[in-house]
1. Would you mind telling me which numbered condition in (1) without any contact (Cβ under 8 Å) to a residue 12 or more places away in the chain; (2) touching a helix residue (DSSP H, G or I) at 6+ places or on another chain (Cβ under 7 Å); (3) not charged (D, E, K, R) Ile315 fails?
2. Looking only at residues in the stretch 372-386 that are surrounded by fewer than 22 Cβ atoms within 10 Å (Cβ to Cβ), of a type outside the set (A, V, I, L, M, F, W, C) and touching a Ser or Thr at 6+ places or on another chain (Cβ under 8 Å), which one is farthest from Ser348 (Cα to Cα)?
3. Filter the stretch 180-206 down to the residues that are part of a loop (DSSP other than H, G, I, E, B) and out of contact with any helix residue (DSSP H, G or I) (no Cβ under 8 Å at 6 or more places or on another chain) and list them by number.
4. Going by the conditions given, is Ile320 within 26 Å of Glu382 (Cβ to Cβ) and outside the structural domain of Val191 (by TED's automatic domain parsing)?
5. Can you find, within the stretch 96-114, the residue that is nearest to Ile229 (Cα to Cα) among those that are surrounded by fewer than 19 Cβ atoms within 10 Å (Cβ to Cβ) and within 16 Å of the ligand (Cβ to nearest atom)?
6. Residues of the stretch 340-371 being within 24 Å of Gly220 (Cβ to Cβ), modelled with pLDDT under 85 and either among the aromatic types (Phe, Trp, Tyr) or surrounded by 21 or more Cβ atoms within 10 Å (Cβ to Cβ) (or both), which ones?
7. Pick from Lys225, Lys178: which is more than 14 Å from the ligand (Cβ to nearest atom) and on the phi > 0 side of the Ramachandran plot?
8. Name the pairs: first residue in the stretch 38-49 and among the aromatic types (Phe, Trp, Tyr), second residue surrounded by 11 or more Cβ atoms within 10 Å (Cβ to Cβ) and assigned to a loop (DSSP other than H, G, I, E, B), Cβ to Cβ under 9 Å, at least 6 apart or on different chains?
Amino acid sequence: MSINLHDDTELCHDGDSYFENKGAIVPPIYQNSLFAFESWDDIDRAFDDPADNFIYSRILNPTVEMAEEKIAKLCRGERAKLCASGMGAISAAIMHCITSGDHIITISNVYGPTNNFLGKYLVEKCGISITYVKGASTDEFEDAITDRTTLIFLESPASMTFELQDLSAIAQLAQKHKIKTVIDNTWASPVFQKPLDLGIDLECHSASKYLCGHSDVVAGVVIGKKVDIDAIINAEHALLGAKMAPLEAWLILRSMRTLSLRMKRHEQSALRIASWLETHPNVSKVYFPGLPSFPQHQLASRQMTGYGGLMSFEIDTSDIGIVKRFVNGLQLFKLGVSWGGHESLVYSPSISYIKELSPDKFKAMGIQIGLVRISIGLEHCEDLIADLAQALDY
Ligand SMILES: Cc1ncc(COP(=O)(O)O)c(C=O)c1O
């Protein structure tokens, strides 16, 4: 009798027999660039279907494929393609859905480099037009649809202030208009949010965050139906060359064995820290979808089964000197970009945005000078609270 396995068990064991490698409990790394064939006919047959035959490791590699199969299963997708970075996966997924002159709808607080790719690169080089919506109401998407709209690009929760979009409502709307939907699902991870089950066409992750989780790999992945992923493998992936290295795929396989365990710890600590911050006199606002006070908490608890470890809060000041003092005063939280690893991190958007944007644009994005983002790592939660408490005592 076969057992219906939970994600936790699948994450530990799925693919164990993939290599049937002399009983080795951890699979080997296939560190090869090409595959040799017995005969002309064999290689000729392989070329008939390059998305399903090992020919050259820029396209397919057994170690990479093993990680892809595990991710696809976790996301309830038919196939996944690992890429060199999150941006490699996101740009491949977007390019798959558009041709020159098309129209894309996305959210105004989409991750910065995704915004640059959509709003600058594609607009200037491919004649794409973009409409930005806040995204809290599905009507905004409906109102923005034109007869050239081919893609709705979502990120839920979104970067920095974590607004949500209603994934099943938007998926239904898009299907009605034959528009593709792509989501950046990095924040929630596939453990806590399954967008493909809600009708979204393609799911992307920066695997540099939770999927790898140890801050030692930059990687990305796109998951969806086989027909879409095969097309991406043959075009955007093969031609633009953003391939995943076998060693990095192997590190992701290692990390996925502890993914659900890590996510539960990130969530548990983040919920406790967000509630603690909410009561701190020097904190004016906390942005974390897991908090009952978060304006879209109901939607969050409907479409996610848990919350990640990334949140933002506003220090009650418009003096950047105080924000600097807080950030420099932290001892356990390291100052740096990225997130989702074992280590807790702090970052202030004022560091980069102030250089790039006018104060008006900064305000229009709803971002205050006092906003800081923290990624809750795997340290003891009370130690993290103690660190935040001493740094907030400026
Ligand atoms: C929400 C989100 N999406 C995508 C990316 C891009 O991923 P990568 O850095 O792996 O290209 C990041 C990176 O910080 C991110 O935060």
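1. Failing condition for Ile315: (1).
2. Glu379
3. Residues of the stretch 180-206 that are part of a loop (DSSP other than H, G, I, E, B), as a first pass: 185-188, 193-194, 199-201.
Within the stretch 180-206, Trp187, Ala188 qualify.
4. Numbers: within 26 Å of Glu382 (Cβ to Cβ): no; outside the structural domain of Val191 (by TED's automatic domain parsing): yes.
So Ile320 fails the test.
5. If we take residues in the stretch 96-114 being surrounded by fewer than 19 Cβ atoms within 10 Å (Cβ to Cβ) and within 16 Å of the ligand (Cβ to nearest atom), then Pro113 is nearest to Ile229 (Cα to Cα).
6. Selection gives Tyr353 alone.
7. Values: Lys225 fails: on the phi > 0 side of the Ramachandran plot.
Exactly one residue qualifies, and that residue is Lys178.
8. The qualifying pairs are Phe47/Asn53; Phe47/Ile55.
The values are calculated or read from the model by the stated rules, or taken from the named source; none is laboratory data. Please read all numbers here as calculations on a predicted model, not as lab measurements. Heads up, the Cβs are rebuilt from the backbone with ideal geometry, glycines too, and the neighbour counts pull from every protein chain shown.
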